[in-house]
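Asks: One structure follows; several queries about it will come next.
The values are calculated or read from the model by the stated rules, or taken from the named source; none is laboratory data. All figures in this text were calculated on a predicted structure; none of them were measured in a lab. Cβ sites come from the backbone with ideal geometry, for glycine too, and all protein chains shown count toward neighbours. Just so you know, the surface numbers come from the protein's heavy atoms only, side chains and all, with ligands and any DNA or RNA stripped out. Shrake-Rupley method; radii C 1.70, N 1.55, O 1.52, S 1.80 Å.
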Amino acid sequence: MRATILTLGALALALSLGCDKAEEAAPTDSGPIVRDVGFADTHTVTDTPVVTDVQTPGDNPVITDTPVVTDVQTTDGGAPDVQAIDVPADTGPADAGSCEGDGGCFACTPTSSVQFLNRCTTASCARFDNAARLTRLNADGGLPPLP
Amino acid sequence: MARRPPVPLLGAAAALAALLLPVAAQAVDCNTLTNPIYGTGGSAQKPLLALLAARLAALSPPRTLVYSSPGACFAINAFTATPTRITGTPSYWTAGGVEATCTVPVTGQAADFGCMGNSVTQCAGITALPAGVGEVEGPVTAWNFFVPAASSQQSISSAAAYFVFGFGNTGGVAPWTNEAFIIRRDENSAAQIFMGLAAGVPPTRFRGVDAMTNGRSISLVAMAGTPEQAIGFASADNVDANRATVRTLAYQHTDQSCGYWPDSTVTSFDKANVRDGHYWLWSPARLIVPVGSDGQPSNPLTRELVNYWNGSVETPEVPFTEVQIRSRSIPQCAMQVWRNGDLGALYSRAPSAPCNCLFSQIATGSTTCAPCSATTACATGVCRHGYCEAY
């Protein structure tokens, strides 16, 4: 697929990404689907992703990802542990109970960042105990301003 | 003929030794290289560009990719109304992948393309893409917090990073309480921009020692006199190439219940958590290129580069999907999530031509996918890059 580029100002052409270029096709057949381990069992064939870089001043998202301490876990001594666990043990911010997996991970198809971050997984994780290790948190658990 | 007086023995030996010593290589003038194409920007993409450059140098006729990496924001600064020119001794690579340097004119060299890991508006003074400039998203770069291999630390949270890099000596997050061992970059660095976005620290407010490049960040952390106190950040491809001396920390973002590595384990290379949305710190690398009225680069070499970058062209001589994976970047065809904007909200996106099998094979050394070819069809799925993908 030929790429075109969208620019600001007088130009208004879209640059489409080409990661979808046609590959060799093979006749499909019935039988077990071979996949790499760890990938979602469901997928959706989407349209070619198109970078519609229609940027005007102010359109670019301003990321104001101010950290908020929500970790309520406590550990002995606050030392971090490497947890080679199947799912996060903490209760994540899951939706209704039907989507809550073991340990509170999100067990449904994620549709928000928080759900992706806490989706049930077999990957290893290592919890950081904010409550135990962040000695300069405000009394309400918030972050003080930068010096 | 008059006879010469005999040369003292010591002087003769010294003269002979001088003849046997290798002559220091004279700096090459970049403009004498074959088909040079000049780029500038971040050091995070240098491993990727190095592999690509080797492929381009092996073409007939060869193209020579020349790259200077003073920082991500230089990629867009090269194309503003008052463009910043390339100076000093940028790098170029031979067909064998050997890196060398060349010299540009004292007045500097105009760039043909820029390469950066963040959007242009994260750079000081840039509010939008300038007219006549295009941006092309490419492979995904993960961003890692890391410590010396000897450190006992395993994870860090976004709030912890706020204190460590925003407060330095007074941050109170043991053991990272000594700014001499807190390694950072500057506000032109994509790595610092992203870590700042994640932690809530403006890129101009970071405490610690400025390492200036991804590579030097790794060196300073690896060689820290007190390993337990040392911490830095860099692109995953740079960190992964130095796992013998540094180790990535699991990252726990806001509202995330546990910290995850970019890979499914600390020792894997599968980037599973980046690809499926568990790991927050990643972004697509971008080419910044001047374009003509048709929206395409006027320079044919730049146009060719863009076509490789966005997947429009892939040849056995320049298999860019494979190049991305071998440089430890993640091609978009191996991602299952995407985002708009820097560290924007995640959403599910299935590529129309996945390359999960190829990614697994190259990145980890194995795949469960069945091989296929023009003569060996897939029992099911679609044959892509020599493997049977699910679709």
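Asks: On average, how many beta carbons from a partner chain sit within 10 Å of the beta carbon of a residue in B:271-282?
Replies: So the per-residue partner count for this stretch is 4.
Asks: Among B:Asp112, B:Asp186, B:Asp210, determine the one that fluctuates most according to a GNM of chain B built with springs between C-alpha atoms less than 10 Å apart.
Replies: With Cα springs under 10 Å in chain B, the top fluctuation among B:Asp112, B:Asp186, B:Asp210 is at B:Asp210.
Asks: Turning to a different aspect of this structure: Would you be so kind as to identify which of B:Pro316, B:Gly292, B:Met335 lies farthest towards the positive end of the dipole of the range B:260-351, taking Lys and Arg as +1 and Asp and Glu as -1 on Cβ and the Cα centre as origin?
Replies: Among B:Pro316, B:Gly292, B:Met335, the one farthest towards the positive end of the dipole of the range B:260-351 is B:Met335.
Asks: Still on this structure: Give me the percent of accessible area attributable to carbon and sulfur for the range B:239-290, probe 1.4 angstrom.
Replies: It is 60 percent, rounded to a whole number.
Asks: Could you work out the pair-distance distribution P(r) of the range B:269-329 from its alpha-carbon pairs, with 10 angstrom bin width and percents rounded to whole numbers?
Replies: The calculated distribution, bin by bin, is 18, 40, 29, 13, 0.
Asks: Accessible area per residue of the range B:214-365 at 1.4 Å probe, in Å²?
Replies: Dividing the accessible area of the range B:214-365 by its residue count gives 27 Å².
Asks: Running a GNM on chain B with Cα contacts under 10 Å, which residue among B:Ser268, B:Ser217, B:Ser373 ends up with the highest mean-square fluctuation?
Replies: Of the options given, B:Ser373 has the highest mean-square fluctuation.
Asks: To continue, here is another question. How many partner chain Cβ atoms sit within 10 Å of a residue's Cβ in peptide A:107-119, on average, as a whole number?
Replies: Averaged over the peptide's residues, the number is 6.
Asks: When you look at the Cβ of every residue in B:376-387, what mean number of other chain Cβ atoms sits within 10 Å?
Replies: Counting Cβ atoms of other protein chains within 10 Å of each residue's Cβ and averaging gives 5.
Asks: Anyone know which of B:Pro70, B:Pro148, B:Pro130 comes out most mobile in the 10 Å Cα GNM of chain B?
Replies: Checking each option, the largest mean-square fluctuation is seen for B:Pro130.
Asks: Here's another thing I want to ask about it. Would the range B:255-391 count as rounded, prolate or oblate if I go by the C-alpha gyration tensor, calling it rounded below 1.5 in a/c and otherwise prolate when a/b exceeds b/c, oblate otherwise?
Replies: The shape class here is oblate.
Asks: Still on this structure, please answer the following. For the range B:37-186, what D do you get in µm² per second when you plug the Kirkwood radius from alpha-carbon pairs into Stokes-Einstein at 37 °C and 0.692 mPa s?
Replies: It diffuses with D of about 185 µm²/s by this estimate.
Asks: Same structure again: If pairing requires two Cys Cβ atoms under 4.7 Å apart, which cysteines of chain B are left without a partner?
Replies: B:Cys115
Asks: Roughly how many whole Å is it from the C-alpha centroid of the range B:306-369 to that of the range B:210-261?
Replies: Spelled out, the Cα-based centre of one part sits 24 Å from the other.
Asks: What does the buried accessible surface come to for B and A, summed over both chains, with the probe at 1.4 Å? Round to 100 Å².
Replies: 7800
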